[in-house]
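The block underneath contains the structure these notes are about, expressed in structure tokens.
The values are calculated or read from the model by the stated rules, or taken from the named source; none is laboratory data. Only a predicted model underlies this, so the values are computations on that prediction, with no experimental measurement involved. Cβ sites come from the backbone with ideal geometry, for glycine too, and all protein chains shown count toward neighbours. Just the protein is used for accessible areas: all its heavy atoms, side chains included, with ligands, DNA and RNA removed. Shrake-Rupley method; radii C 1.70, N 1.55, O 1.52, S 1.80 Å.
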Amino acid sequence: MPLMVFIDEAGDHSLDPVDKDFPVFVLVFVLCDQNDYTDVLLPSFTRFKVQHLGHDGVILHSRDIRKAVGDFAFLQVTARRETFYRELNELMAQAIFQLIAIAIRKQSHKERYGKACRNPYELALEFGMERLKSYLDEVGQKQVTLLAEARGKNEDNALRLAFLQLLKQGSYYHDFKSIDFDLKFVSKRANVLGHQIADLCAYPIARHVIDPKKSHRAFEVVRTKFIDRPGWRHGFKIFP
């Protein structure tokens with residue numbers, strides 16, 4: 001069955017100023033077979049939500065989980081938090097999906113390229129689209145819809161413009177005209193599971209890039225999902 005693609009990010013793409021506490025921007029593409037998504041992922045994550053929260057209307061948002069706020073205030077109780085994290089890590093490890101991820105170290109990008117440095121979101125989008133195009137060529141898929149989480153009218157319009165320009169002009173390595181790419185935006189309130197999986201993957205990747213020597217339990221789960229590509233450290237792109 002065709003692949004579904006979900007896009008989400010961690011960090012902001014601003015270069016002025018660069019947040020010293022979170023100086024990276026990570027863009028994640030989650031790739032999942034349509035049948036696996038509808039028949040396996042949706043039921044398993046729904047059971048997890050109902051088991052821990054009593055309903056499936058909740059959105060698995062990385063920040064709320066880490067901060068134990070909102071629907072996840074119950075994670076302030078140590079025993080419940082440990083059980084929740086263990087079972088969530090097991091669920092993510094067993095989930096059938098693949099990842100393309102790009103991390104932009106913003107301060108290094110600014111220092112290396114100066115006034116010529118590019119918007120981190122647009123740069124990460126280009127890198128990700130190149131890898132996605134290669135993978136789609138390998139599996140023979142000629143049409144794909146990318147679902148991005150809506151961030152606001154101005155931000156969505158800027159991303160749509162960058163996306164259309166990339167399709168029209170291509171990149172240094174790729175021409176995208178052989179595949180029918182369609183970009184759609186969906187609100188977080190729509191409770192799209194693919195975006196929640198992407199969100200749960202993006203933050204651990206960012207923390208690993210910021211402090212690669214520190215052990216991150218969630219990253220050890222995430223790293224098994226990367227689509228293997230030559231020259232990508234740890235299976236994903238870190239720039240510069």
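With protein chains left intact and a 1.4 Å probe, residues in the chain average 51 Å² of accessible area per residue. If the chain linking A116 and R66 were pulled fully straight, counting 0.36 nm for each residue of separation and taking away their Cα-Cα distance, it would gain 14.4 nm. Note on A158 and E220: their simple-model spin labels are 3.8 nm apart, each label 7 Å out from Cα toward Cβ. Between A218, Q169, L147, the Cα set farthest toward the positive side of the dipole of the range 145-225 (charges on each charged residue's Cβ, about the Cα centre) is that of A218.
As a calculated quantity, the FRET efficiency between S171 and Q34 at R0 = 22 Å, using C-beta atoms, amounts to about 0.20.
Using amide H atoms built 1.01 Å from N in the peptide plane, name the residues 5+ places from G170, or on other chains, whose amide H lies under 5 Å from its own. Those lying under 5 Å, H to H, from G170 are F176.
Taking trypsin sites (Lys or Arg not before Pro) across the range 1-60, the ones in a DSSP loop with at most 16 further Cβ atoms lying within 10 angstrom of their Cβ are K20. Farthest toward the positive end of the dipole of the chain, out of I205, Y37, F181, is the Cα of I205, where the dipole comes from beta carbon charges about the Cα centre.
Projecting the Cα atoms of I7, V24, H52 onto the dipole axis of the range 1-60, where Lys and Arg carry +1 and Asp and Glu carry -1 at the beta carbon, places H52 farthest toward the positive end. Taking amide hydrogens as placed 1.01 Å from N in the peptide plane, the amide H of R151 sits under 5 Å from those of D156, each at least 5 positions away in sequence or on another chain.
Computed from the C-beta positions of F74 and T145, the FRET efficiency with R₀ = 25 Å rounds to 0.10. Computed from backbone phi with θ = phi - 60° and the Karplus coefficients 6.51, -1.76 and 1.60, the 3J(HN,Hα) list for the range 32-41 is 8, 5, 4, 5, 4, 5, 7, 9, 10, 5 Hz; x is used for glycine and proline. Taking every full run of DSSP H in the chain, the ones that stretch at least 20 Å from end to end by Cα along their long axis and average -1.0 or higher on the Kyte-Doolittle scale are 120-139, 153-169, 193-210.
Summing Cβ point charges (Lys, Arg +1; Asp, Glu -1) relative to the Cα centre of the range 115-240 gives a dipole of roughly 400 debye. Solvent-accessible surface of protein heavy atoms, probed at 1.4 angstrom with all chains present, puts F22, F6 in the order F22, F6, largest first. The gain in end-to-end length when the T46 to D16 segment is fully stretched comes to 6.8 nm, 0.36 nm per residue minus the alpha carbon separation.
From its DSSP helices (H runs of at least four residues, each -39,500 (n - 2.57)), the chain gives a residue-normalised ellipticity at 222 nm of -13500 deg cm²/dmol. Dipole magnitude for the range 144-213: about 160 debye, using +1 per Lys or Arg Cβ and -1 per Asp or Glu Cβ, origin at the Cα centre. Basic side chains Lys and Arg get +1 at the Cβ, acidic Asp and Glu get -1 at the Cβ, and with that the dipole of the chain about its Cα centre reaches some 680 debye.
Solvent-accessible surface (1.4 Å probe) assigned to T38 amounts to roughly 70 Å².
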